[in-house]
1. Taking each pair of distinct Cα atoms in the chain once, what is the resulting Kirkwood hydrodynamic radius in Å?
2. What nm value, rounded to one decimal, do you get for the distance between ARG118 and GLU205 when each label is placed 7 Å out toward the C-beta?
3. Suppose each label sits 7 Å from its Cα in the direction of the beta carbon; what would the ALA237-ASP83 distance come out to in nanometres?
4. In whole Å and largest first, what semi-axes does the C-alpha gyration tensor of the range 154-265 yield when each eigenvalue is scaled by 5 and square-rooted?
5. Report Rg/Rh for the range 82-177, rounded to two decimals, where Rg is the Cα radius of gyration and Rh the Kirkwood radius.
6. For the chain, with every protein chain kept in place, what is the accessible area per residue (1.4 Å probe, Å²)?
7. For the range 74-91, what does the Karplus curve 6.51 cos²θ - 1.76 cosθ + 1.60, with θ = phi - 60°, yield as ³J(HN,Hα) per residue in whole Hz, taken in order and with x for Gly and Pro?
8. List the residues whose amide H sits under 5 Å from the amide H of GLY275, counting only those 5 or more places along or on another chain, with H placed 1.01 Å from N in the peptide plane.
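The values are calculated or read from the model by the stated rules, or taken from the named source; none is laboratory data. What you see is a predicted model; the values in this text were computed from it and never measured. Note that each Cβ is placed from the backbone with ideal geometry, even for glycine, and that neighbours are counted across all protein chains shown. For accessibility, only protein heavy atoms count, side chains too; no ligands or nucleic acids. Shrake-Rupley method; radii C 1.70, N 1.55, O 1.52, S 1.80 Å.
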Amino acid sequence: MFPASHLCAAPSRTLFHLSDDLEVTAGPVPLYEESGDRSRVIGMRVHVVSDVHGNATDLARAGNGADALICLGDLVLFLDYADHSRGIFPDLFGVENADRIVELRTARRFEEARAFGRSLWAGLDRDAAILGAVRKQYSELFAAFPTPTYATYGNVDVPALWPEYARPGTTVLDGERIELGGLVFGFVGGGLRSPMRTPFEISDEEYAAKVEALGEVDVLCSHIPPEVPELTYDTVARRFERGSAALLDAIRRTRPRYSLFGHVHQPLARRMRIGATECVNVGHFAATGRPWALEW
């Protein structure tokens, strides 16, 4: 369990019906302070993480005290923008080159960044080097998943490798639904095409088809957020990440109780209500090491 001083950020179990379509809240609202002898009876508790980016140590504890863990993707750490010494890129090319690539990308000089990257990869088998490093990370990360875990892909993941590492007790879902404790959860993995050209980016049409396949769900789980400026703007990177118009349309049409996602590490708004739906960025797990809790 978490330390007694930890405030668990959990959504209200009330289904909100608002006259305004959008309502922004300042951040996660503490539901209760956890103590060693919890007197409140809880029917079901699920912990949700996203953007793990190599944090296997905290991932191994992320399911403590929960009935299940949900992971919304981005297991791989290619380059840590906060600590340029961590990740596949600096392991291969050193910290100074990592500093340079981050500088170019942060300045949105993507063509220069790609040209710089090509110069570093010249003469090397890029695919073999990256796949070898990803396999090493996946071996450690999938071993850290508790049972049961329900997971979908992030935009930096390599879906083709997941069947090799997902053990019994880990269920991989993409464009699919499950039922937990009487609620229907729908999962949509991956990201949309962007200048970053990360491994699992797909077209808007393909992504929308996966959203449509879910139908009506109680909890809509995705790696990327719905396309709302407050949810897609990263205040540190100072840019908008790709959000999904299809997710936003599904939220307005089908009115799920919750929309849970990650992808944007430092969002302008971490929570927002869209009509009846509580939309929550569950947090940058690589940095915080803390899961977000959903109880009902």
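1. 19.6 Å
2. Going from the ARG118 label point to the GLU205 one covers 2.8 nm.
3. 2.0 nm
4. On the way: eigenvalues 94, 73, 32 Å².
The answer is 22, 19, 13 Å, longest axis first.
5. Details: Rg = 16.2 Å, Rh = 15.5 Å.
Ratio of gyration radius to Kirkwood radius: 1.05.
6. Working: 13300 Å² over 296 residues.
It amounts to 45 Å² per residue over the chain.
7. Per residue, the Karplus-derived 3J(HN,Hα) values read 6, 6, 6, 10, 8, 7, 8, 6, 8, 9, 5, 8, 10, x, 4, 4, x, 4 Hz.
8. Distant-sequence amide H within range of GLY275: LEU22, GLU23.
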